[in-house]
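Below you'll find the structure, written out as structure tokens, and then a few comments.
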Amino acid sequence: MGKTISHLWRLLATGFCFFIFGLGGLLLWVLVFPILSILPGDRLQRISRGQKVVHTSFFVFIGLMHRIGVMTYEIVGLEKLNRPGQLIIANHPTLVDIVFLISRIKQATCIVKEQLWHNLFMRGPIINAGYISNGDPEKMIAECVHWLKSGGSMIIFPEGTRSIPGKPCRFQRGAATIALQANKIVTPVTLSCYPSTLTKAEQWYQIPYRRFHLAMHVGDDIALDEFTAIEPKSIAVRRFNQFLQNYFTHQREVYKQYGK
């Protein structure tokens, strides 16, 4: 009986969290960002303000999920983040990965699926935080490289979408291309979620038997010299992409302990 009540509570709490997330995005779009847009400053200053607002909103949202019993979390190596010109490359096990990362990174851009630019609840944060569309791959890469070289930080999921539990990592080459062209700081972040939930194969209401635990481990910066020296650049990208894929495959095995 106790387990049934606990499960029902977490189901209601999960639904409430997603409702608050949607409502929050809508309120940012119609109330907060219009006010920020009239403040003095150039485009970069407006983007900076937008990113700080999104960071704060996501920080509050993760705190809500934790406090009402939907999730627990831990972070190892947070001090390695929040540096100018930093490219954060992460694996993508759950729906809330980007929310969790941005809640801990005060100013960062990310790549967003083209269709989300038309989502009423996401459009405000996407536009005002200066996020980059994946609609045109060449333009996307150029914008990401320019952002990093100008001192901005960003988050990329090389998988392009959420991973499937039990399946090997399959990375697209965009992240490797951006990293080598920008030649800035590259920091890997491994995300682990146990029990598995909010994956590509699950609906939000298919909640696990207990609170899920999301762990974030920030690795050491990856030296790029070995790869930037390779010619032609297409081979360099291929080898670096394989390096990243092998790295995260290994890390995923290392952190299986969180499933115990």
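Tabulated data for the structure shown
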item: Projected label distance in nm at Phe243 and Lys139, using a 7 Å step from Cα toward the beta-carbon; result: 3.1 nm
item: Long-range amide H partners of Gln107 with built H, under 5 Å; result: none
item: Residue among Gln203, Gln107, Gln86 with the largest mean-square fluctuation in a Gaussian network model of the chain, springs linking Cα atoms under 10 Å; result: Gln203
item: Placed amide H near Ile185: partners under 5 Å, 5+ positions off or other chain; result: Leu87
item: Local net charge near Gly69, Cβ-Cβ under 9 Å (Lys/Arg +1, Asp/Glu -1); result: +3
item: Simple spin-label estimate for Leu26 and Phe121 in nanometres, 7 Å along Cα-Cβ; result: 0.9 nm
item: Shape call, the chain: gyration tensor on alpha carbons, a/c limit 1.5; result: oblate
item: Estimated inter-spin distance, Tyr209 and Leu44, nm [label 7 Å along Cα→Cβ]; result: 5.3 nm
item: Compactness of the stretch 60-116 as Cα Rg over 2.2 N^0.38 Å, two decimals; result: 1.24
item: Pairs beyond 22 Å (Cα-Cα), from Lys200/Lys233; Lys106/Lys184; Lys200/Lys256; result: Lys200/Lys233
item: Amide H contacts of Phe212 (H built 1.01 Å from N, under 5 Å, at least 5 apart or other chain); result: Thr72
item: Summed residue charge, Cβ within 11 Å of Arg239's Cβ, Lys/Arg positive, Asp/Glu negative; result: +2
item: Whole-Hz ³J(HN,Hα) from phi, Karplus 6.51 cos²θ - 1.76 cosθ + 1.60, for the stretch 126-139, glycine and proline x; result: 4, 5, 6, 8, x, 5, 10, 7, 9, x, 10, x, 5, 5
item: Residue-normalised accessible area of the chain, given per residue in Å² at a 1.4 Å probe; result: 52 Å²
item: Shape call, the stretch 69-200: gyration tensor on alpha carbons, a/c limit 1.5; result: rounded
item: Carbon plus sulfur fraction of accessible area for the chain, probe 1.4 Å, in percent; result: 60 percent
item: Given charges at Cβ of Lys, Arg, Asp, Glu: the chain dipole, positive-most of Asn246, Gly24, His217; result: Gly24
item: Calculated from backbone phi, Karplus (6.51, -1.76, 1.60) coupling profile of the stretch 162-175 in Hz, x at Gly/Pro; result: 5, 6, 9, x, x, 9, x, 5, 10, 9, 7, 8, x, 4
item: Signed unit charges on C-beta, dipole axis of the chain, positive-most listed residue Ala175, Leu120, Gly135; result: Leu120
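The values are calculated or read from the model by the stated rules, or taken from the named source; none is laboratory data. Keep in mind the model is a prediction, meaning the values are calculated, not measured. As a convention, Cβ positions derive from the backbone with ideal geometry for all residues, glycine included, and neighbour counts pool all protein chains shown. Just the protein is used for accessible areas: all its heavy atoms, side chains included, with ligands, DNA and RNA removed. Shrake-Rupley method; radii C 1.70, N 1.55, O 1.52, S 1.80 Å.
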